[in-house]
Amino acid sequence: MIPSHCKEVSVKSVDFPLTAENIKGYLRGKKAYIRTRYYVFTSGKDWAVALVVKKLANAVLQEIASVHILSLPNDTAFVEDPSVEVLSASSMGALRERVGKKCIVVRGKSAHVSFFIDEPPYELTIFDVVPPAPSKLVEMVHTALESDLQDRYVRVKMVSTDLNMLAKGVKTMRTMFPCRASGLGAGHDALFLDETPALSGPELEEVTLVGCSLSARIFKAIYGLDANLINMCPQELLAGMKVEGKVLTKCCRIKEGFEIHENVAVVPWGARPPEVRAALEALLR
């Protein structure tokens, strides 16, 4: 459970022990702001959380009809971390797991206060090839979870294939990659397809392309020969792996938007943030 907005949370500093009876007694007969749904109580080092139901009224302040205790001090931890977006269920859920309490109350970015109470997450695996690392796809997923998909608690796991490790399997004198990438350095006398290096017939026989079907077609269009190919297509590599649950990956055969194949969402190789957000919304529906 996480509030939809920190405006729903009222923080109260009190001087009594945070028991269910004391909290209910404190709120009995009081009025609450129309937007308030939850009270976070602090007393000394103790914290507790309660939900209130109000009598409907056309007023800014509404009478509290009932109080429901959500978490008491034994199950509640307070965290102050200005890097945490308290509106993001995924960020708050991950923090709660690290803290190990049923409930966390967090003062995060801009000193906003909210809470998160244990709930099961959506499980998502991102499969990509690296470098560059971290995967740009991972960065876009985390951005989406902190903005447009704030209400979804998603536990993200990254599974990757290292292109440098694929290149170690090359048996020829030279390795060719589709393009340069930060951290890409393994292989024998590395070449890059987008630079269209001049190669003679005998030299071409000593080149292995670490690429995909598209780069293989480009290779043949440039040099007139089929490439010695080590396949690096994330979608095709994923097909040969045992990855359970929801998966997000990419493929250059997807030109725009996304495709869903059972539990796998596929976005273009150069996916834009709106495409990643749309794919996640469809995959986690």
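The values are calculated or read from the model by the stated rules, or taken from the named source; none is laboratory data. Remember, predicted model here, so these are calculated numbers, not experimental data. Every residue, glycine as well, gets a Cβ built from its backbone with ideal geometry; the counts of neighbours run over all protein chains shown.
Key figures
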| item | result |
| --- | --- |
| Filtered residues of segment 13-42 (kept if in contact with an Asp or Glu (Cβ under 8 Å, 6 or more places away or on another chain) and closer than 16 Å to C103 by Cα) | L18, Y38 |
| Hits in segment 27-50 (condition: of a type outside the set (G, A, S) and closer than 18 Å to P17 by Cα) | L27, R28, Y39, V40, F41, T42, K45, D46, W47, V49 |
| Residue within segment 56-68 that is closer than 24 Å to P120 by Cβ and out of contact with any His (no Cβ under 6 Å at 6 or more places or on another chain) present | yes |
| Qualifying residue in segment 63-81 (condition: of a type outside the set (A, V, I, L, M) and over 22 Å from F116 (Cβ atoms)) | yes |
| Pair list, Cβ < 6 Å and 6+ apart or interchain, from segment 156-180 residues that are among the aliphatic types (A, V, I, L, M) to residues that are assigned to a helix (DSSP H, G or I) and surrounded by fewer than 20 Cβ atoms within 10 Å (Cβ to Cβ) | M158/V138 |
| Cβ-Cβ under 7 Å pairs, at least 6 apart or on other chains, segment 248-259 side of a type in the set (D, E, K, R), far side part of a loop (DSSP other than H, G, I, E, B) | K250/W269; K250/A271 |
| Enumerated strands (runs of 3 or more DSSP E) restricted to segment 191-285, each holding at least 2 residues that are farther than 30 Å from Y122 by Cα and of a type in the set (A, V, I, L, M, F, W, C) | 207-211, 228-231 |
| Which listed residue is in contact with a Lys or Arg (Cβ under 9 Å, 6 or more places away or on another chain), in a strand (DSSP E or B) and buried (at least 17 other Cβ atoms within 10 Å of the Cβ), from A77, A65, A48 | A77 |
| Selection status of S43, in contact with a Leu (Cβ under 9 Å, 6 or more places away or on another chain) and at pLDDT 95 or above | yes |
| K54 vs. criteria modelled with pLDDT of 95 or more and surrounded by fewer than 17 Cβ atoms within 10 Å (Cβ to Cβ) | no |
| Candidates V130, V105, filtered to the one that is surrounded by 18 or more Cβ atoms within 10 Å (Cβ to Cβ) and at pLDDT below 95 | V130 |
| Flag for V99 being more than 23 Å from N231 (Cα to Cα), in contact with a helix residue (DSSP H, G or I) (Cβ under 9 Å, 6 or more places away or on another chain) and at pLDDT 95 or above | no |
| Test: residue in segment 78-93 that is within 30 Å of V210 (Cβ to Cβ) and in contact with a helix residue (DSSP H, G or I) (Cβ under 8 Å, 6 or more places away or on another chain) | no |
| Residue in segment 241-252 that is touching a helix residue (DSSP H, G or I) at 6+ places or on another chain (Cβ under 9 Å) and farther than 25 Å from A133 by Cβ present | no |
| Residues of segment 175-194 that turn out to be among the hydrophobic types (A, V, I, L, M, F, W, C) and modelled with pLDDT under 75, as a count | 1 |
| Checklist (1) in contact with a strand residue (DSSP E or B) (Cβ under 8 Å, 6 or more places away or on another chain); (2) under 25 Å from L284 (Cα atoms); (3) outside the structural domain of A239 (by TED's automatic domain parsing); (4) of a type in the set (S, T, Y) applied to T76, failing item | (2) |
